[in-house]
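Here is the structure we will look at, set down as structure tokens.
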Amino acid sequence: MSIDRIFFGYMTLVGVVTGATLVAMPAAGDGWLKPYFWVLIAVGLFDVTILLLQQSRPATPTLGMDARLLGFVLGIVLMIVIPKLAGSDARFY
């Protein structure tokens with residue numbers, strides 16, 4: 001399994017969990033750290049984890065910028081679509 005597919009699965013999970021959190025607790029999006037930053041932080045955590053795991057193996061492939069962007073967009077879209085479909089009044093900005 002390629003690192004890209006693992007990342008897309010991870011970002012799908014992050015988007016679903018973020019969207020479900022905003023459905024269950026709409027006030028969670030009103031804090032000082034907005035939900036789209038939650039997704040961005042998750043991307044950073046994945047990158048740091050991969051960097052730490054491959055420290056001893058420099059020849060292993062990493063995520064490309066297009067995969068990072070696509071995964072981020074996937075997480076954001078799920079974060080927005082799930083509360084909208086559920087009829088929640090959560091705010092994302």
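FYI, it's all coordinate maths here, none of it is from the lab. As the structure is a computational prediction, the values presented were derived from the model and not from experiment. Note that we place each Cβ from the backbone using ideal geometry, even for glycine, and neighbour counts take in every protein chain shown.
Numbers for the structure displayed
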item: Calculated FRET efficiency for the pair Asp47/Val77, C-beta based, R₀ 30 Å, to 0.05; result: 0.90
item: Nearest-20 debye value, the chain charge dipole, Cβ charges on Lys, Arg, Asp, Glu; result: 40
item: Alpha carbon Rg of the range 3-86, scaled by the compact-globule rule 2.2 N^0.38 Å; result: 1.19
item: Estimated [θ] at 222 nm from DSSP helical runs (n ≥ 4, -39500 (n - 2.57)) normalised by residues in the chain, nearest 500; result: -23500 deg cm²/dmol
item: Top of Met79, Met11, Met65 by mean-square fluctuation, Gaussian network on the chain, Cα under 10 Å; result: Met65
item: Loop-located chymotrypsin sites (Phe, Trp or Tyr not before Pro) in the range 28-58, at most 12 other Cβ atoms within 10 Å (DSSP); result: Trp32
